[in-house]
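Novice: Dumping the structure here so I can ask a few things about it.
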Amino acid sequence: MPSDPIETLTADIEIYGIPQQPGMPPMTETYLHVRRRQNGAAGTAVLGLPAYEGAPGPAGPPGAIHKGDRTQSQLEGLATTLGAAEVNWAYRNVETDDQWIWDGDGFVIYANAYGTPGLTGPAPTMHAGQLTINGTPVDGEFGVEVTGTDGDYAVHLHLPEMPEGEPGPPGASGPIFTSVDVAGPAPTASQVLAFNAATGKLNWSTVRTPIEEYVVPPSGFPNVTKLSSDVRHQLTVVTIPPKAYPYRFDFAGGVDCEAKVGHQIDLEIRLGDPVSGPLLGYGKGQDGEGWREVAFRAHSDVAILPGSTDGVIAANTQAVLYVSAVKKAGSSSSWSVRNNLAQLRIRLTGAA
């Protein structure tokens, strides 16, 4: 049998795990070294052992799932309906600020989990500060005023009327289309600005050519012989489409008319109606025998002065002209009209 020990050592052994990754060669040996302290105190020892990574463990329970606020009685009622599928469902007890967490069998209660609001602190003390404009303090009756109590405050600013400063540099020119001096609708093609004396503004207006002209050639007139009892025959009709400007008519040309001695054949140009329309053009025939050209000219029953609207065809208005031959004198013989070199030239001259 072995003899009695000659010495007893008391040691603190520290055991360390040495990580071993998959594929590393295994450890074939290890060691344990104990050192005795000379003062007789407990020695220390270090032991290194291989440590291998194990398989993942089972999933832990889910974290608390907050499901909203409930009263005490509602939470007590839930305890009879919740089961294992509702583990970790959490509720706030609105009466106590406790948190109730379901563990599958019952509620685990964490007291005052949401904290109790502290006492309301004192309202701040408000006072008016200094008012400055461009860095310069404002004195006198102007400044800042604070009204209200118990946390309900209003800040009032009393600003002085500042003196007018120096004019700034001129800005960039704006578009003429948005100028305050231009009134009326937006322009269309070929329009220019014109002054409107009635409004004192500029308006977009259509550029008028000095004269627009319509011509009825000889083929536009008939060859006709009338009975002695006939006093009127319509020669042609001319339709002038609406124009964007007001205008008056001027006429030139003529038609051959045959009249016997004691007979007179005149020409008429009327507006709107061949018999009763306003007479705008006229050709006066002669008492005589044979063919004579009766010439057209403009006609007005009233005086026309610059700026007058008499005889003016308004803008955007269609005009229909009826041209007729009319027997003014004689009753015993027939009369005739022919289109040899006949012509009617209709000129439109702009009116203010």
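The values are calculated or read from the model by the stated rules, or taken from the named source; none is laboratory data. Computed from a predicted structure; not experimentally measured. Neighbour counts run over all protein chains shown; Cβ positions are idealised from the backbone, glycine included. Protein only, heavy atoms only, side chains kept; ligands, DNA and RNA dropped before computing areas. Shrake-Rupley method; radii C 1.70, N 1.55, O 1.52, S 1.80 Å.
Novice: Could you rank E76, E258 by how accessible they are, 1.4 Å probe, largest area first?
Specialist: Ranked list, largest accessible area first: E76, E258.
Novice: Can you run phi through the Karplus equation (6.51, -1.76, 1.60; θ = phi - 60°) for segment 336-341 and list ³J(HN,Hα) in whole Hz, with x for Gly and Pro?
Specialist: 9, 9, 10, 9, 4, 6
Novice: Quick one: pull the percent of accessible area on segment 144-268 belonging to carbon and sulfur, 1.4 Å probe, ligands and nucleic acids left out.
Specialist: Of the solvent-accessible surface of segment 144-268, carbon and sulfur hold 57 percent.
Novice: Let a ≥ b ≥ c be the square roots of the eigenvalues of the Cα gyration tensor of segment 262-329; is it rounded (a/c under 1.5), or, if not, prolate (a/b larger than b/c) or oblate?
Specialist: It comes out prolate by the Cα gyration axes.
Novice: Could I have the simple spin-label model distance between A315 and T225, label points 7 Å from Cα toward Cβ, reported in nm to one decimal?
Specialist: 5.2 nm
Novice: By per-residue mean of other Cβ atoms within 10 Å, what is the highest-first order of 65-73, 190-198?
Specialist: Taking the mean over residues of other Cβ atoms within 10 Å, the ranking is 65-73, 190-198.
Novice: For R345, tell me the accessible area in Å² from a 1.4 Å probe, rounded to the nearest 10.
Specialist: Its heavy atoms expose roughly 70 Å² to the probe.
Novice: Sticking with this structure for a sec: Can you tell me which of 327-334, 98-105 comes out highest on packing, and rank the rest after it, using the mean Cβ neighbours within 10 Å?
Specialist: Descending mean neighbour count gives 98-105, 327-334.
Novice: Mind jotting down the distance between the C-alpha centroids of segment 220-245 and segment 54-106, whole Å?
Specialist: After rounding, the separation between the Cα centres reads 105 Å.
Novice: On to the next question. Using mean Cβ contacts within 10 Å as the protection proxy, how do 240-252, 122-134 order, highest first?
Specialist: 240-252, 122-134
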